[in-house]
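What follows is one structure encoded as structure tokens, with my remarks underneath.
FYI, it's all coordinate maths here, none of it is from the lab. Please read these numbers as outputs of a predicted model, since none were measured by experiment. Positions of Cβ are generated from backbone atoms using ideal geometry, with glycine treated the same way; all protein chains shown enter the neighbour counts.
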Amino acid sequence: MPIQQTFAIIKPDAVASGQTGQIVSMIEKAGFRIRGMKMTRLSKQQAEGFYEIHREKPFFGGLVMFMTEGPVVVLVLERDNAIKHWRDVMGATNPANAAEGTIRKSFAKNIERNAVHGSDAPETAAVEIPFFFSMAELL
Ligand code: IDP
Ligand code: MG
């Protein structure tokens with residue numbers, strides 16, 4: 001599997017709980033190179049745009065409220081098979097179903113407040129990375 005990039009967010013729940021450092025450490029221990037990283041706070045418009053695919057879901061309004069409630073850390077992660085590997089390190093969307101040792105098992109509070117985001121396919125990563133990072137910010 002060639003080198004690949006994926007997009008990650010440390011969500012407002014995890015940042016507010018002081019888990020940023022532990023999550024960044026888990027990312028590095030899992031063999032990812034961090035190519036971009038910054039703290040930001042999503043506007044309502046950004047959160048709605050980022051989660052556009054979920055607009056018709058019943059949880060959309062709550063998700064946008066959650067994602068805008070405080071700062072997030074956005075990252076671009078690189079390694080072989082990065083997209084699948086990062087999804088594995090994150091664990092299942094619902095922490096009740098997440099495997100032992102995954103980030104969501106360790107830190108997520110529930111299916112909404114689940115600590116981290118990760119791109120789900122190469123086409124998604126290709127949209128999500130430039131949503132937050134310019135070329136000059138990717139090192
Ligand atoms: P993913 O983050 O594991 O890819 P998605 O299905 O893409 O999961 O959902 C995006 C985000 O929306 C989830 O990470 C979670 O924060 C929230 N979410 C997903 N399903 C539910 C739900 O049933 N209730 C509340 N929030 C949800
Ligand atoms: Mg998703």
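Considering only residues that are β-branched (Val, Ile, Thr), closer than 17 Å to ILE3 by Cα and within 14 Å of ligand 2 (Cβ to nearest atom), which ones fall in the stretch 101-139?
THR124
For GLY118, work out the one condition from (1) touching a strand residue (DSSP E or B) at 6+ places or on another chain (Cβ under 6 Å); (2) more than 8 Å from ligand 1 (Cβ to nearest atom) it doesn't fulfil.
Failing condition for GLY118: (2).
Looking only at strands (runs of 3 or more DSSP E) that fall completely inside the stretch 1-111, which ones have 1 or more residues that are without any contact (Cβ under 8 Å) to a residue 60 or more places away in the chain and more than 12 Å from ligand 1 (Cβ to nearest atom)?
33-40
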